[in-house]
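K.L.:
Right, I'll just put the structure down here and ask away after.
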Amino acid sequence: MDEDCWDDVAIRDITAVVLYSLHLRDGLPVDKVPWTKVLWHLWDDARVSALVNDVLPGAGHDLTLQADPDDPVAERWRWLTRTWDPSAPIRPRNRSADLFGAFPRRGSGALDAAVPEPRWGGMSRGVGSALPDPALEVCTNWSAVVVQAAIIAQQGGYPKFTRVRVTDGEFKGHRGYVVQSGWVADDDTQTMVGPEGYVVDLDDSDDAEEIDADQLKRSYDHRWPRRPAGTVKDGPPPRLHDPLPPRPTCAEDLADILERASNPEAVPDDLRGTIASAKDHHHLQMDWQASPEPQRFTWQVIMHWYQLTEHYSDDQRAELWEIVLKTHLHDPEPTRHLALREEDVPLVIARCTAATA
């Protein structure tokens, strides 16, 4: 556990708030709360949020943004549900202010409101480092992986990459490596049962296979076996070196953008004709930001620009701006809006988020 690592803190704190909430709800000592119940709630962040918001306020924890910061439980929850600015400055860690100037030495207490907030609170970050979304949405599945590993260790099961052999069934006698564990959800008791089985990467099969837990035994021939000639496991996947499909034309690229946009009428006919006859097209992500709860939105700004002449000239290009709007990291149906000029983008974001709210 690294307190300076955003990933570690997020995984630890998501698991902790679920464990603490179940301790309060069920009246059990913390060390008696079954990890299988914790795992059920870590199925997704919606379950975690429902549990926390149902239990913690009744126990005296104010989860609102205006609450007293002296409550460590509420502070942890606010940290997990806050949004981040991926374009904020990075705060140098353990470095002299004389070298970097922008930020004082760590621990000096000299940071003030005039200095931009360091990216991710000054922590290092590896999981989703470009995402502005809350840690609760980004890392709940990572917390589930950690808890699964703990349960498997307690039960004497097979951790990921364990070498196993199949003792019964269709693949009896085969050997391979565990790549995933399988669980059954008992929603009535809010408990995960298992692992009931494992996904095993078998030596003599191109595909991984689902094997019941009682059909596996640990194998001690620790080796990465040579794969049969011509299989995926003995070389590159089929078609890896095939030529890439032809790049879409500017007209095809524009058609795709217009088809997914909520306001295709924003692009006038003359601009459509100009783009359709362009020589080349490029796409750049220009911004990716989020607003916090209760008006939770994430907007990603993409600039599509089209080279109008055979040789690039700065004054011979057409631009189209696309804003992708989500209300959750895993939003299955984000809305997409188009703007013709960069200065119009903030107005589109403000209008669309207000309309969605």
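The values are calculated or read from the model by the stated rules, or taken from the named source; none is laboratory data. The structure displayed is predicted, hence computed values, not measured ones. Using ideal geometry, Cβ is built from the backbone for each residue, glycine included, and neighbour counts are taken over all protein chains shown.
K.L.:
Might you check whether a residue that is part of a helix (DSSP H, G or I), in contact with a helix residue (DSSP H, G or I) (Cβ under 6 Å, 6 or more places away or on another chain) and of a type in the set (Gly, Ala, Ser) occurs anywhere in the stretch 56-63?
P.N.:
Among the residues of the stretch 56-63, at least one is part of a helix (DSSP H, G or I), in contact with a helix residue (DSSP H, G or I) (Cβ under 6 Å, 6 or more places away or on another chain) and of a type in the set (Gly, Ala, Ser), which makes the answer yes.
K.L.:
Hey, can you tell me all the residues within the stretch 331-342 that are exposed (fewer than 12 other Cβ atoms within 10 Å of the Cβ) and under 14 Å from GLU137 (Cβ atoms)?
P.N.:
Within the stretch 331-342, PRO332 is the sole residue that qualifies.
K.L.:
Please work out which residue is nearest to LEU340 (Cα to Cα), limiting yourself to the stretch 248-268 and to residues that are of a type in the set (A, V, I, L, M) and outside any helix (DSSP H, G or I).
P.N.:
VAL267
K.L.:
Looking at LEU271 and the list (1) assigned to a loop (DSSP other than H, G, I, E, B); (2) more than 30 Å from LEU65 (Cβ to Cβ), which single condition is not satisfied?
P.N.:
(1)
K.L.:
LEU22: modelled with pLDDT of 95 or more, crowded, with 21+ Cβ neighbours inside 10 Å, part of a helix (DSSP H, G or I) and more than 20 Å from the chain's Cα centre (by Cα), yes or no?
P.N.:
It is true that LEU22 is modelled with pLDDT of 95 or more, crowded, with 21+ Cβ neighbours inside 10 Å, part of a helix (DSSP H, G or I) and more than 20 Å from the chain's Cα centre (by Cα).
K.L.:
Which one is modelled with the highest pLDDT among residues in the stretch 97-145 that are of a type in the set (Val, Ile, Thr) and either touching a helix residue (DSSP H, G or I) at 6+ places or on another chain (Cβ under 6 Å) or not in a helix (DSSP H, G or I) (or both)?
P.N.:
Among them, the one singled out is THR140.
K.L.:
Here is a check on your reading of the model: is ASP68 surrounded by 14 or more Cβ atoms within 10 Å (Cβ to Cβ), out of contact with any His (no Cβ under 9 Å at 6 or more places or on another chain) and either within 24 Å of GLY122 (Cβ to Cβ) or touching a residue at least 24 places away in the same chain (Cβ under 8 Å) (or both)?
P.N.:
For ASP68, the condition - surrounded by 14 or more Cβ atoms within 10 Å (Cβ to Cβ), out of contact with any His (no Cβ under 9 Å at 6 or more places or on another chain) and either within 24 Å of GLY122 (Cβ to Cβ) or touching a residue at least 24 places away in the same chain (Cβ under 8 Å) (or both) - is not met.
K.L.:
Mind listing whichever residues of the stretch 33-50 are over 16 Å from ASP188 (Cβ atoms), over 18 Å from the mean Cα position of the chain (by Cα) and in contact (Cβ under 8 Å) with a residue 40 or more places away in the chain?
P.N.:
Passing the criteria: TRP35, VAL38.
K.L.:
Go through the stretch 171-200 and give me each residue that's of a type outside the set (Val, Ile, Thr), in contact with a strand residue (DSSP E or B) (Cβ under 8 Å, 6 or more places away or on another chain) and surrounded by fewer than 17 Cβ atoms within 10 Å (Cβ to Cβ).
P.N.:
Passing the criteria: LYS172, GLY173, GLN180, GLY182, ALA185, ASP186, GLU196.
K.L.:
Do we find that VAL301 is farther than 30 Å from ALA135 by Cβ, in contact (Cβ under 8 Å) with a residue 40 or more places away in the chain, crowded, with 18+ Cβ neighbours inside 10 Å and not assigned by TED's automatic domain parsing to the domain that holds LEU65 in this structure?
P.N.:
It is false that VAL301 is farther than 30 Å from ALA135 by Cβ, in contact (Cβ under 8 Å) with a residue 40 or more places away in the chain, crowded, with 18+ Cβ neighbours inside 10 Å and not assigned by TED's automatic domain parsing to the domain that holds LEU65.
K.L.:
What strands (runs of 3 or more DSSP E), lying completely within the stretch 181-240, carry at least 1 residues that are among the β-branched types (Val, Ile, Thr) and modelled with pLDDT of 90 or more?
P.N.:
By residue number, 191-202, 208-212.
K.L.:
A further question on this structure: Has the stretch 45-55 got any residue that is at pLDDT 95 or above, surrounded by 12 or more Cβ atoms within 10 Å (Cβ to Cβ) and among the acidic types (Asp, Glu)?
P.N.:
yes
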